[in-house]
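Below: one structure, written as structure tokens.
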Amino acid sequence: MSDGQLTQRKPDASAFVIFGVTGDLAHRLVIPSLYNLAAANLLPDRFCVVGVARNGMSNDDLRDSLMKGLRQFATRPVDDAVAKRLLECVTSIEADPKDPASFDAMGERLEKLETNRSTGGNRLFYLATPPGAFAPISRELGRSGLLREKNDAWRRLVVEKPFGTDLGSARALNEELLKILDEHQIYRIDHYLGKETVQNILVLRFANGMFEPIWNRNHIDHVQITVDEKLGVGHRGSFYDSTGALRDMVPNHLFQLLSLVAMEPPARFDAHTVRSEKAEVLAAIQTQSEADALKNSVRGQYLSGKIGDAEMEDYRKTEDVRANSTTETFVALKLNIDNWRWAGVPFYLRTGKALGIKRTEVAIKFKEAPFKMFACTPVDRLSQNYLVISIEPSEGITLQFNTKVPGPTISIDGVEMQFRYKDYFKAEPATGYETLIYDCMIGDNILFQRADSVEAGWQAVQPFLDAWSRAAANGMEYYKAGSEGPACAEELLKRDGRSWRKL
Ligand code: BG6
């Protein structure tokens, strides 16, 4: 994680090898991020990009296709000279994990390229592929020796999400990878950690003296983590229908937010210490019995409705979604963290598709002030004290507190003090992947998930997966596209005398 803006050192000379280079992720995020790094002069001086695809493509065809993607997905106007310089570094190589000889041949071509470009043997392998390919590709990279670090040259592997589909498969994938690589060589990406405000949670909590003393069960009533999306499932029906909202969002993105908010202060700002504290707090999430998991969760699926001006059809009518699907497109959970700081402070999480607004935020609700002192005044209630860390639709931090309404009588109203990133800092529009890719290249894995965190995350959600799979359609709630989600999500908090924060 860069200390300050991306004004630091250039990464070591290296080869950047992309598996799945013909796919959406490479076109939409990886290449536009490399372009932004190139524009900021933050790519290595000696560098090459190797695009690996199963069906061989000429260099020219691959470069054309990536250029087209760049024009479509760049976050800023494309400077042709910068784009040309980047794309000239691209070489297309054909390899298929089902054909071991193709990996050996790839190794030979890579070595030649590395000699021509003087990249010193440092290699970053980026798996921008469907998850089913992570293990077979890694196995082949391991077998062919391409990942072996030697003569001071580093070898790294970047793995996209989803990392497993449950606790068992995540453990199995970790085991496979750790047979081939050391943990320090593995970069498990969660794009939420590329977001400025998400990184800022650490700074807000630990670079300010005033929050830590009140950041505990003595002062905090509960925490809400919300990731509401307007988008439906679109063309991802097949992936989504076998995944669902819980697997897609909770053990990764929502738990990144939760762990940053709930972790203990790390003694040092380094990868080992920060990641250990994050893993520790995830491991402290109470494992619920199946009965509790059913009581403490709401799952929903969207029906047709209007989102703004756009009509959304029933989830079950989406292309590649089963007509009788019981996959959830909305989930709300109540979790407890069993440690000294958080005992008795519920963490409520919710996320869903096809909702009325796009909103990502963490709302920390402080305990209410005693009302007694105002009982003899016209004030009938105090509004709530929230500290809200907003990631969408705009990045910033808001503090809600009570203030006296001007006038001769005592009247109190809730007001907001707001910090918005865009009012203070000018940042070039970015994909959010730049910091992550840059960090992989300089070997800083503070923003990447370690094996133990990934497994702790799955461990916490496994009871919900098990309980729902046994319950099938029982307990599924339906909600109208464009709404706030199923009504039962309100009930989850209401029965504790609480409610979700309204906008
Ligand atoms: C992805 C999920 O990981 O995150 C998508 O697979 C989801 O389903 C997306 O839409 C949300 O990311 P963001 O950055 O838009 O909140």
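The values are calculated or read from the model by the stated rules, or taken from the named source; none is laboratory data. Please read all numbers here as calculations on a predicted model, not as lab measurements. Using ideal geometry, Cβ is built from the backbone for each residue, glycine included, and neighbour counts are taken over all protein chains shown. Quick note on the areas: whole protein, heavy atoms, side chains included, nothing else; ligands and nucleic acids left out. Shrake-Rupley method; radii C 1.70, N 1.55, O 1.52, S 1.80 Å.
If you check Leu37, Leu25 for being in contact (Cβ under 8 Å) with a residue 24 or more places away in the chain, outside any loop (DSSP other than H, G, I, E, B) and open to solvent by less than 20 Å² (accessible area, probe 1.4 Å), only one passes: Leu37.
Within the range 217-244, residues that are more than 25 Å from Leu335 (Cβ to Cβ) and in contact (Cβ under 8 Å) with a residue 12 or more places away in the chain reach partners that are within 12 Å of the ligand (Cβ to nearest atom) and open to solvent by 20 Å² or more (accessible area, probe 1.4 Å) with beta carbons closer than 6 Å, at six or more positions or on different chains, in the pairs Lys230/Lys358. Somewhere in the range 429-443, is a residue touching a strand residue (DSSP E or B) at 6+ places or on another chain (Cβ under 6 Å) and within 23 Å of Trp215 (Cβ to Cβ)? Checked the range 429-443: no residue is touching a strand residue (DSSP E or B) at 6+ places or on another chain (Cβ under 6 Å) and within 23 Å of Trp215 (Cβ to Cβ).
Restricting the range 117-137 to residues that are open to solvent by 10 Å² or more (accessible area, probe 1.4 Å) and part of a helix (DSSP H, G or I), the residue that is farthest from Glu175 (Cα to Cα) is Arg117.
With respect to the conditions (1) part of a helix (DSSP H, G or I); (2) crowded, with 20+ Cβ neighbours inside 10 Å, Leu447 falls short on a single one, namely (1).
Let's see how each residue does on (1) surrounded by 13 or more Cβ atoms within 10 Å (Cβ to Cβ); (2) farther than 30 Å from Arg498 by Cβ; (3) under 16 Å from the mean Cα position of the chain (by Cα); (4) touching a residue at least 24 places away in the same chain (Cβ under 8 Å):
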residue	(1), (2), (3), (4)
Glu392	yes, no, yes, yes
Gly396	yes, no, no, yes
Phe401	yes, no, no, no
Ile410	no, no, no, yes
Glu428	no, yes, no, yes
Gly432	yes, yes, yes, yes
Tyr438	yes, yes, no, yes
Ala451	yes, yes, yes, yes
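Take the conditions (1) within 16 Å of the ligand (Cβ to nearest atom); (2) over 22 Å from the mean Cα position of the chain (by Cα); (3) among the aliphatic types (A, V, I, L, M); Met373 misses just one of them, which is (1). For Met417, the conditions (1) open to solvent by 70 Å² or more (accessible area, probe 1.4 Å); (2) within 19 Å of the chain's Cα centre (by Cα); (3) over 28 Å from His27 (Cβ atoms) all hold with the exception of (2). Would you say Gly56 is among the small types (Gly, Ala, Ser) and on the phi < 0 side of the Ramachandran plot? It is true that Gly56 is among the small types (Gly, Ala, Ser) and on the phi < 0 side of the Ramachandran plot.
Taking the criterion of being under 24 Å from the mean Cα position of the chain (by Cα) and surrounded by fewer than 22 Cβ atoms within 10 Å (Cβ to Cβ), the residues of the range 456-482 that qualify are Gln459, Gln462, Pro463, Leu465, Asp466, Gly482. Cβ-Cβ contacts under 8 Å between residues 6 or more apart (or on different chains), taken from a first residue in the range 264-280 that is among the hydroxyl-bearing types (Ser, Thr, Tyr) to a second residue that is surrounded by 14 or more Cβ atoms within 10 Å (Cβ to Cβ) and modelled with pLDDT of 95 or more, are listed as Thr273/Pro266; Ser276/Pro266.
Of the residues making up the range 198-223, those that are open to solvent by 60 Å² or more (accessible area, probe 1.4 Å) and touching a helix residue (DSSP H, G or I) at 6+ places or on another chain (Cβ under 9 Å) are Phe206, His219. Note on the range 181-204: among residues that are in contact with a Lys or Arg (Cβ under 7 Å, 6 or more places away or on another chain) and outside any loop (DSSP other than H, G, I, E, B), the one that is nearest to Pro486 (Cα to Cα) is Tyr187. Scanning the range 59-113 for residues that are in a helix (DSSP H, G or I) and touching a strand residue (DSSP E or B) at 6+ places or on another chain (Cβ under 6 Å), we see that the one that is nearest to Ile137 (Cα to Cα) is Met106. Each residue in the range 421-441 was checked for being more than 16 Å from the ligand (Cβ to nearest atom), touching a Ser or Thr at 6+ places or on another chain (Cβ under 8 Å) and at pLDDT below 95, and 2 of them qualify.
Just to be sure I understand, how many residues within the range 280-307 are under 21 Å from the mean Cα position of the chain (by Cα) and either of a type in the set (Ser, Thr, Tyr) or open to solvent by 60 Å² or more (accessible area, probe 1.4 Å) (or both)? Residues meeting the conditions: 2. The single residue among Glu175, Glu160 that is within 13 Å of the ligand (Cβ to nearest atom) and out of contact with any Lys or Arg (no Cβ under 6 Å at 6 or more places or on another chain) turns out to be Glu160. Can you find a residue that is within 25 Å of Ser394 (Cβ to Cβ), part of a helix (DSSP H, G or I) and not hydroxyl-bearing (Ser, Thr, Tyr) anywhere in the range 472-491? Yes, the range 472-491 contains a residue that is within 25 Å of Ser394 (Cβ to Cβ), part of a helix (DSSP H, G or I) and not hydroxyl-bearing (Ser, Thr, Tyr). I'd like to check something: does the range 184-201 contain any residue that is over 19 Å from the mean Cα position of the chain (by Cα) and either at pLDDT 95 or above or within 16 Å of the ligand (Cβ to nearest atom) (or both)? Scanning the range 184-201, I find at least one residue that is over 19 Å from the mean Cα position of the chain (by Cα) and either at pLDDT 95 or above or within 16 Å of the ligand (Cβ to nearest atom) (or both), so the answer is yes. Checked against the criterion of being at pLDDT 95 or above, surrounded by fewer than 21 Cβ atoms within 10 Å (Cβ to Cβ), in contact with a helix residue (DSSP H, G or I) (Cβ under 6 Å, 6 or more places away or on another chain) and not β-branched (Val, Ile, Thr), the range 350-373 has no qualifying residue.
Name the single residue, out of those in the range 138-151 being open to solvent by 20 Å² or more (accessible area, probe 1.4 Å) and either within 16 Å of the ligand (Cβ to nearest atom) or touching a Gly at 6+ places or on another chain (Cβ under 8 Å) (or both), that is nearest to Val21 (Cα to Cα). Among residues in the range 138-151 that are open to solvent by 20 Å² or more (accessible area, probe 1.4 Å) and either within 16 Å of the ligand (Cβ to nearest atom) or touching a Gly at 6+ places or on another chain (Cβ under 8 Å) (or both), the one nearest to Val21 (Cα to Cα) is Ser144.
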